[in-house]
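One structure is given below, encoded as structure tokens.
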Amino acid sequence: MDEKAATARWSSLVPIQPEGSLPPLFVLHGGAGTILFYQELARALGQDQPVYGLQARGLYGDAPPQSTVEEMAGHYIQELRTVQPAGPYAMVGFCFGAILGFEMARQLRAAGETVGLLVSLDGGAPHYDYSRDPAPPGSTASAASSSRIAREWKKLASLPRGRRLAYVKEKIGNQWISRTMNAQYRVGEWFRERGRPVPAPLRRIYFLVNHGEAEAKYRPKVYPGRMVIFETAGLFRERNLGWKDLVGGGLEIHEISGSHRGHRDLLTGEFVKALSGDLTRLLRSAAADGKVLRVMR
């Protein structure tokens, strides 16, 4: 296979909705590496808004994965430039994707490019501790732990007697699952370190752990631009999700209210309608600003 063909096979760029006259929106994968959950948002943004996904390299066994946030961001910048050679760029990242978008925006600005819109969807800053979110703001770690234990006991007491043993076994099983995940990740690393794709049975676990490891190693520098945060109301202890000291150009925070089961609900049903309305206005504003910038140049 020649180099050009190999590059085509290894593309992380996925055209979710490639048609439309507006500047493209690039959406970034979360911890699992996939971008399939953005389809409903792409439809809600309308047929005139092109949307391209950036999924993890090697997700489908076509290349060795990358292991650092900086590597991933650099690779995705190369990919998006095949569609849009110059800025202003518009990027949206869900969960771990917010960190990728942040680093991409930082690299683009450092290279003299313009970032018109950077959006986090329920995505905390690097090292943001999600496990503390259910505890009240300002709680100590021990208070948060006690709160979680109390919720588990309450959950156990609410179950029918016949279900309680199964519930306890499930919780114990989660510890075994954690050990199994780490073992599968180590096997996947053996393949990646040798420049080979991760085998299919290992990929789902591998990418979840790999992206967690990448975040743990990441040491972010301040981004001089602005970030917009869309967050699920009531799920986070900090409205700024830990981004305040990393975003020099300021934060704009939108809460999406409603009865949520988890943070991915933000991209489904009635919630995505509210999200898409505000996001459309931001995209139109960024596009208009981009026209002014191009005239000034």
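Quick notes
- Lone qualifier among Arg109, Arg57 - being open to solvent by 10 Å² or more (accessible area, probe 1.4 Å) and in contact with a helix residue (DSSP H, G or I) (Cβ under 8 Å, 6 or more places away or on another chain): Arg57
- Leu80 vs. criteria modelled with pLDDT of 95 or more and crowded, with 24+ Cβ neighbours inside 10 Å: no
- When Lys4 is tested against (1) open to solvent by 10 Å² or more (accessible area, probe 1.4 Å); (2) modelled with pLDDT of 95 or more; (3) not in a strand (DSSP E or B), only condition (2) is not met.
- Out of Glu113, Glu79, sole residue that is part of a loop (DSSP other than H, G, I, E, B) and charged (D, E, K, R): Glu113
- All conditions in (1) closer than 21 Å to His29 by Cα; (2) open to solvent by 10 Å² or more (accessible area, probe 1.4 Å); (3) hydroxyl-bearing (Ser, Thr, Tyr); (4) more than 17 Å from the chain's Cα centre (by Cα) hold for Ser257, with the sole exception of (1).
- Single residue of Glu103, Glu40, Glu70 found to be open to solvent by less than 20 Å² (accessible area, probe 1.4 Å), touching a residue at least 12 places away in the same chain (Cβ under 8 Å), of a type in the set (D, E, K, R) and at negative phi: Glu103
- Members of the range 115-127 found to be open to solvent by 20 Å² or more (accessible area, probe 1.4 Å) and at pLDDT below 95, listed by number: His127
- Screening the candidates Ala216, Ala286 for the property of being at pLDDT 85 or above and surrounded by fewer than 19 Cβ atoms within 10 Å (Cβ to Cβ) yields one hit, Ala216.
- Scope the range 83-97; condition in contact with an Asp or Glu (Cβ under 8 Å, 6 or more places away or on another chain) and buried (at least 24 other Cβ atoms within 10 Å of the Cβ); matching residues: Tyr89, Phe94, Phe96
- Among the residues making up the range 59-75, those that are touching a Phe, Trp or Tyr at 6+ places or on another chain (Cβ under 8 Å) and either in a loop (DSSP other than H, G, I, E, B) or of a type outside the set (A, V, I, L, M) (or both) are Leu59, Asp62, Ala63, Pro64, Pro65, Thr68, Glu70.
- Residues in the range 223-239 that are without any contact (Cβ under 8 Å) to a residue 40 or more places away in the chain and open to solvent by 40 Å² or more (accessible area, probe 1.4 Å): Gly234, Arg239.
- Check on Ala63, touching a helix residue (DSSP H, G or I) at 6+ places or on another chain (Cβ under 8 Å) and at pLDDT below 95: yes
The values are calculated or read from the model by the stated rules, or taken from the named source; none is laboratory data. Fair warning: this is a prediction, and the values are worked out from it, not measured in the lab. Note that each Cβ is placed from the backbone with ideal geometry, even for glycine, and that neighbours are counted across all protein chains shown. Please note that ligands, DNA and RNA were not included when accessible areas were found on the heavy atoms of the full protein model with its side chains. Shrake-Rupley method; radii C 1.70, N 1.55, O 1.52, S 1.80 Å.
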